Amino acid sequence: MTDAASAALAEPVEPVRRGWTAALALANGAIWVGWFGPLQILLASQARDFAPAAGMEKETVLAWVTGAGAVVSLLANPLFGALSDRTTARWGRRTPWIVAGAAGGALSLLLLAAADGVGTMALGWCLAQLTLNAAFAAVTAAVPDRVPRGRRGAVGGWLGAAQILGVVGGTGLATAAGGTAAGYTACAVFTLVGVGPYVLRYEDLRLARADRPAWSWRAFLAGFWLSPRRHRDLGWAWLTRFLINLSNALVLLYLLYYLRDRLHYGDPGRGVLVLTAVNGATLLATVVVGGVWSDRSGRRKPFVIWSGVLMAAATAALAGWQTWPGAVVAAAVLGVGFGVFTSVDFALMTDVLPRALDRGKDLGVINVANALPQVAAPALAAPIVTYLGGYRVLYLVAAVIGLAGAVLVGRIRGVE
């Protein structure tokens, strides 16, 4: 039992096998299918259908629903990460939460398929965020549990590749399934099946009961506050991830409406799929390469800085070159930048974690920087599009925010 406890809390030194990485990447991609099939296509379509009965504009409905879901995500990711840290189940610390989260996410997507109004739509999306974040928190915590520091860029690259394939796959399933209900059902099935190889084939590390801290509500709740003064590098890393993800969220949120209302693209749903595929192709070309290159060089910050600058330039191009070819070029350049950022920033985040006992909780707090932009983006984007200059101003603001995130990476001192 002591050896098992030591393995669960020790800094890993043995390289993981390719099969383990592939299975974890597939599980990660399945979770992103559950998120982005709805987010890219299905929720926007339902917002358009339900808006007249609700007496609101479609943009407002989408903003309220996605914003509510993002609030749930803000709380769920660190909560389930902390719970997985304390789990002493026979099946390990992370696996039970991956299974429960994926199953709950599939059921939530089926509820969305049956939604008949804004209320049911919001409930289904909030439940999907709650459950899928439980699975996602456990998947991401498995990396610092099992992967040595010098290999995390490469593993982060494969997880990033699976992430974008999940985005593309979710968008493709939502588009090709033949309707909103069918799209949700297809995403639900894939989400549940996709975690199977990892949870069935690979044994998780178990935490001994003796190594689990005594329960205290005060200590449990206080643990979610990671003081930026005590953990400066973690604070700066969190802020840079938040800003770059906020910039990206501003680009994606109204993409369907941008194609239809600004570019007057004939089939905006298919246009979103095309742009997502272009973005995914360039991201896949750089995400693993960037992570491996970072591992071999032993450096993280230059990769994150320059990828953020490149993404900011592409976002600014959406403001200044508002044509279909301009959108395709911007999607391609964004993919190059986000590919490198995805893998190397993930490795950088795991390098600044304070304690092995709290990996899941601390990564959950860091992952708030992924979810909080989903709350902030609708609140920021809706008035800009409606009252303050439209999509040109929106994408200029997004570019400035992303550039600020790239520059502030330089404030992280403890990572090369």
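For the pair the range 31-74 and the range 361-387, the centres of their Cα atoms are 14 angstrom apart. Principal-axis analysis of the Cα atoms of the chain puts helix 180-194 at an angle of about 20° to the longest axis. Rounded, prolate or oblate: which one fits the range 1-92, using the alpha carbon gyration tensor with axes a ≥ b ≥ c (rounded when a/c is under 1.5, else prolate when a/b beats b/c, else oblate)? Prolate shape, in that a/c is at least 1.5 and a/b is the bigger ratio.
Hey, any idea what % of the chain's accessible area is carbon plus sulfur with a 1.4 Å probe?
On the chain, the fraction of accessible area on carbon and sulfur atoms equals 65 percent.
The residues of the chain expose on average 41 square angstrom of accessible surface per residue, using a 1.4 Å probe on protein heavy atoms. In this Cβ point-charge picture (+1 for Lys and Arg, -1 for Asp and Glu), the range 36-121 has a dipole of about 500 debye about its Cα centre. Each of ALA376, PRO268, VAL409 was placed along the dipole of the chain (beta-carbon charges, centred on the mean Cα), and the one lying farthest toward the positive end is VAL409.
A dipole drawn for the chain from +1 and -1 charges on Cβ atoms has a positive end, and of GLY119, PHE224, VAL195 the residue lying farthest that way is PHE224.
Against the chain, whose longest principal axis comes from its Cα atoms, helix 301-320 is set at around 10 degrees. Please report how far the C-alpha centroid of the range 180-259 lies from that of the range 268-337, rounded to the nearest whole angstrom. Cα centroid to Cα centroid, the span is 22 Å.
The calculated FRET efficiency for ALA210 paired with LEU107, based on their beta-carbon distance and R0 = 30 Å, is about 0.25.
Here the chain is assigned +1 on the Cβ of each Lys and Arg and -1 on the Cβ of each Asp and Glu. Its dipole about the Cα centre then comes out at about 940 debye. How far is helix 232-253 tilted, in degrees, relative to the longest principal axis of the Cα atoms in the chain, given as a value from 0 to 90 rounded to the nearest 10? With both axes taken from Cα atoms, the answer is about 30 degrees.
Computed over the Cα atoms of the chain, pair by distinct pair, the Kirkwood hydrodynamic radius stands at 21.3 angstrom.
Computed from the C-beta positions of VAL329 and ARG355, the FRET efficiency with R₀ = 45 Å rounds to 0.55.
Using only side-chain charges placed at the Cβ, +1 for Lys and Arg and -1 for Asp and Glu, the dipole size of the range 1-158 relative to its Cα centre rounds to 560 debye. Helix content alone sets the calculated 222 nm mean residue ellipticity of the chain: runs of n ≥ 4 DSSP H residues at -39500 (n - 2.57) each, divided across all residues, give -26000 deg cm²/dmol.
Assuming a ≥ b ≥ c are the square roots of the Cα gyration tensor eigenvalues, decide whether the range 302-391 counts as rounded (a/c under 1.5), prolate (otherwise, with a/b larger than b/c) or oblate. Oblate, because a/c is 1.5 or more while a/b does not exceed b/c.
Packing order of peptides 326-338, 261-273, 157-169, highest average first: 157-169, 326-338, 261-273 (average count of other Cβ atoms within 10 Å over each peptide's residues). Computing FRET efficiency as 1/(1 + (r/R0)^6) for ALA379 and SER297, where r is the C-beta to C-beta distance and R0 is 41 Å, gives about 0.60.
The values are calculated or read from the model by the stated rules, or taken from the named source; none is laboratory data. Quantities reported herein were computed from a predicted structural model and do not represent experimental measurements. Note that each Cβ is placed from the backbone with ideal geometry, even for glycine, and that neighbours are counted across all protein chains shown. Just so you know, the surface numbers come from the protein's heavy atoms only, side chains and all, with ligands and any DNA or RNA stripped out. Shrake-Rupley method; radii C 1.70, N 1.55, O 1.52, S 1.80 Å.
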